[in-house]
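Beneath this line is the structure, given in structure tokens, with notes to follow.
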Amino acid sequence: MKNFGKKIIINKLTALAKEIELASKKYFQEDSPLLSDGEFDSLVARYKKLKKENPNLVPDNDPILKIGSPPSSAFAKVEHNVPLLSLSNAFGQDDVIRFDESVKRFLGLEFSHELDYMAEPKIDGLSLGLKYINGKLFTAATRGDGKIGEDVTHNAITIRDIPKTISNAPEVLEVRGEVYILKSEFNKLNEFQRSKKEKIFANARNAAAGSLRQLDSEVTKNRPLRFFAYSLGTISHNLASSQKQLMKVLSNFGFTINEDRHSCRGVNQLLQTYEHICNKRESLDYEVDGVVYKVNNFSYQEILGARSNSPRWAIAHKFPPEESFTKLLSIEIQVGRTGTLSPVAKLAPVEIGGVMVSSATLHNEDFIKGFDNAGNRIRDGIDIRVGDLVSVYRAGDVIPKVKSINLAERTIDSKPFFFPNCCPGCGGKLIKQKDESVIRCHAGLSCRAQVLERMKHFVSKQGCSIEGLGKKQIISFYDLGWLSTPVDIFRLKLNHGKNSDKPLEKLANWGRKSAENLFDSIDDSRDLGLERFINALGIRYVGEVVSLTLARYYETWTVFHKKMLNIARGKTDDFEELNNIDGIGLKSAEELRIYFESKETEKLVEELLLEINVTRSVSRTVLSPVSGLTVVFTGSLEAMSRSEAKSFAEKMGAKVSNTISLKTAILICGAGAGSKLRKAKEAGVKVLTEDEWVKLVKS
Ligand code: IVH
């Protein structure tokens, strides 16, 4: 492969990896999904496919190994002696057939052999491990990253389905299962939350996760949480020889088990059970997102063992996302903060999976046309037109999407949709980058839509988080001519305080108190962490995750800014350093260069720094033998995953890079190290084994 092609694939893998990482963080750590389950699964599937086709280009920081979440520091940590694994997914019959074949191949059984399986509904909640010592509930822990979870015992004891004591239990018994909320109780919970003006949950799973991960167990107690038991973790002696037997034992111990489980012989019975559960999915009072197939015999399970993240003896056969047909009423074009034009379908309201939907994303111009930028067909090349009957799917909670068009219903007078040829936000010129589907307005600060979006982003929670300054206020202040850049926000009090010519408190719907509150919260936001400040600037491809990585690496605004200005002035070694930071891709590096090149940025940053104080990145507080040193990891590590090793190194004050350069102080080598080890030796870089590294850091 030519280097150019390689670079594109590496960039693609890195971009996908970052998307997976961010979506995973939002889902697992913040109980606030960015993508629907279907979208997330397809993102992971795309990544895995590309990885399989290009095994030598896999990023060091493989996000697949990290799906799940590190435990939150708000809870005590519990180590899972037996890792709390996830399940690999099957999206169709072929995947299930392949799974059955691979199990038999591994066990050395004839392909004609029909294995015994247990098929169970895959409840969409969150997994919990309950450890009993001498029959008494000792700890309840969430999955966390699979190895270390969060201690939520204080909340688990408020769940009725969880026995607090078990008679005749083995000395150590860990029961695993799913915490969830019934659909009917979820609706009531949201009604209650609405009446109290409290957080509305996106779906039952998030409600369950948010309720279990509460610091105050009084809150959890009033949430309708339930628990299904389905497997074991650590045990002091064996209780059963099969999944079928285990379910009986768990039921006798007093656990609720799912009555809708099915013993199946051979792959055909698995597929029949899938159809059966899929058909009754709607009528079940709990959310099910698939069917889990488990090899029944525990001796077989033991032989099959596990991969890094999932057992070989089980698979989750996922349901297709939920969808409904409705009429496309109009297509609206929205302009984002970086000028990207996003078409949105306005729909005749329709219920999909219990939620009313009236708009859906149409992604970009190519998606509407039915051909991607390489000329490949989308939806068999059928375009999308206003008036069409479209099938919309939701697959959970976030932005609905258009899947297909019912051509039979298209009227003869329907017309193709023409994407605007000037920006709907300012009338400015539009540019479509070669090889990209995205169309952008390049008017920057002269485009009203972009200015408003940039300011909304600047004040958002991930930026400088100014309470009381939302979309509505920003539009109204902008239209009054009070705000046109984020700097104006910090001058609001000076220009529109009570003694000014045009005081805020005199505006309709404002008063003395509300104006003072806003000025106070603006003042509160003047001390801003470096990662939040970088994110607030709203640079393309520099979102939360990238901002955090940059802040951890450069530590202070002064250093970061100096390096970015050097890069903008063409200093290639600083650009290379940036591009080599673990977690920074070429696209982000390139956009940073473009951003800091601009005169507009120079002025904005200069003025902002007169108003705010950018504080150091939070992470670099530890002084250790490796503080300030640039280190590189290579090969597969034993004691920790790559991401754990990276964050551990960063906590200890080291900087983690992807490639060996003049700056590299140490290369830490796991098994199977290749070209990096060779390069390090050539460059005279210190090489340590994983053990030596741990000893050094802790010395
Ligand atoms: S067995 C080794 N059985 O699905 C993993 N998991 O996507 C054993 N889940 O983390 C899990 N229903 O939280 C199992 N009947 C069921 C399940 C189930 C839901 C969840 C579980 C797991 C996730 C994987």
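Be a star and scan region 434-473 for residues whose amide nitrogen sits under 19 Å from the point 7 Å along the Cα-to-Cβ vector of Lys603.
From region 434-473, the list is 442-455.
Counting other beta carbons within 10 Å of each Cβ, put Phe298, Phe227 in order, fewest first.
Listed from fewest to most nearby Cβ atoms, that is Phe298, Phe227.
Multiply the residue gap between His561 and Glu516 by 0.36 nm, knock off their C-alpha separation, and tell me the result in nm, one decimal place.
Stretched fully, the His561-Glu516 segment lengthens by 12.9 nm.
Normalised by the residues of region 412-535, what does the relative contact order come to in percent, with Cα pairs under 8 Å and at least six apart?
Relative contact order here is 18 percent.
Measure up Lys25/Lys136; Lys587/Lys655; Lys164/Lys294 against 25 Å on the Cα-Cα distance and list the ones that go over.
Correct reply: Lys25/Lys136; Lys164/Lys294.
Would you work out which of Ala119, Leu85, Ser102 lies farthest towards the positive end of the dipole of region 80-137, given +1 charges on the beta-carbon of Lys and Arg and -1 on that of Asp and Glu, about the Cα centre?
Leu85
What percent of all Cα-Cα pairs in the chain falls in each 10 Å bin, counting up from 0?
3, 12, 21, 25, 22, 13, 4, 1, 0
What is the projected area of the convex hull of the Cα atoms of region 226-310, averaged over all directions, in nm²?
Result: 6.9 nm².
Output needed: Cys residues of the chain lacking any neighbouring Cys C-beta below 4.7 Å, sorted by number.
Cys264, Cys278, Cys422, Cys464, Cys669, each lacking another Cys Cβ under 4.7 Å.
Give me the count of lysine pairs in region 444-512 whose alpha carbons sit under 15 angstrom apart, restricted to pairs 8 or more positions apart or on different chains. Intermediate results must be reported in sequence, preceding the final value.
Numbers: Lys456/Lys471; Lys456/Lys472; Lys461/Lys471; Lys493/Lys502; Lys493/Lys506; Lys498/Lys506.
The number of close lysine pairs in region 444-512 is 6.
Binning at 5 Å from 0, report for region 172-230 what percent of all alpha-carbon pair distances ends up in each bin.
Here the calculated profile for region 172-230 is 4, 18, 27, 26, 13, 6, 3, 2, 1.
Name the shape class, rounded, prolate or oblate, that the alpha-carbon gyration tensor gives for region 412-506, where a ≥ b ≥ c are the square roots of its eigenvalues, rounded holds for a/c under 1.5, and otherwise prolate holds if a/b is larger than b/c and oblate otherwise.
prolate
Read-outs throughout are calculated quantities, based only on the coordinates presented, and are distinct from any laboratory measurement. Everything numeric here is computed off the predicted structure, so don't read it as measured data. Ideal geometry is used to build each Cβ from the backbone, glycine not excepted, and the neighbour counts take in all protein chains shown.
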